[in-house]
1. Across 10 Å bins from the origin, how do the percents of Cα pairs in the range 2-159 run, short distances first?
2. As a test of the formula, what do you get for the chain when each DSSP H run with n ≥ 4 contributes -39,500 (n - 2.57) and the sum is divided by the residue count, at 222 nm and rounded to the nearest 500 deg cm²/dmol?
3. Would you please give the residues with an amide H less than 5 Å from that of PHE158, counting only those at least 5 places away or on a separate chain, with H modeled from the backbone geometry?
4. Comparing PRO51, PRO129, PRO22, which has the greatest mean-square fluctuation in the GNM of the chain with Cα pairs linked when under 10 Å apart?
5. At a 10 angstrom cut-off on C-beta neighbours, averaged per residue, how do the peptides 70-79, 53-62 rank from highest to lowest?
6. Determine one quarter of the surface area of the Cα convex hull of the range 108-160, which equals its mean projected area, and express it in nm² to one decimal.
7. Under a no-solvent Debye model with one identical scatterer per Cα of the range 15-96, what's log10 I(q)/I(0) at q = 0.14, 0.19, 0.25 Å⁻¹?
8. Once the piece of chain linking ASN43 and ALA66 is laid out straight, how much longer is it, given 0.36 nm per residue of separation minus the C-alpha distance between them?
Amino acid sequence: MINKNVFLVSLIFFAILSRFLPHPPNFTPIAAIALLSSKGFTNRWVVFLIPIVSLFISDLFIGLHATIPFVYISFILIALLGMYVKKINIISVLLSSTIFFLVSNFGVWLLYYPISTEGLVQCYTLALPFFLNTVLGDLVYGALLIYPFYALQRRNKFAV
């Protein structure tokens, strides 16, 4: 038997460390962490704190930036998504990518572009290559983090 909390914290620790490896922009594990937390922990405060603390710890080393409130809000929304879907699947992972894209780039638009329709369109258009990285990262890390959790859960391998 495996202690579920130790397993989850180990996966999250691995994911945090992976942010320090060379990777394409936005190819990160944080959305998968938010989704996994929503299914793995029963304490709702922990569900929201895990992705935010994971992000904050790595941001302290990687660098802080002006759009952090929007980025953090997007991961809170992703954790909420995870709480309300029955099971994490490809659709919910793609929805989490979309939430991150829309919310974080809204912040980029507000802070760095003209507040106009043209500025909004330009901001989201220029962000499209990053969206591809977000989707790919969310799918890869979703598979690496969430699939083992569900596989062990199905086999009743978690100690209560």
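Coordinate-derived values only; no laboratory data. The model shown is predicted, which means the values in this text are computed figures rather than measured ones. Here Cβ is always computed from backbone atoms with ideal geometry, including for glycine, and neighbour counts include all displayed protein chains.
1. Histogramming the range 2-159 at 10 Å steps yields 11, 41, 34, 12, 3, 0 percent.
2. Theoretical 222 nm ellipticity from helices: -26500 deg cm²/dmol.
3. Answer set, sorted by chain and number: ILE2.
4. Maximum among the listed residues: PRO22.
5. 70-79, 53-62
6. If you wrap the Cα atoms of the range 108-160 in a convex hull and average its projections, you get 5.8 nm².
7. -0.44, -0.80, -1.27
8. In short, 5.3 nm is gained.
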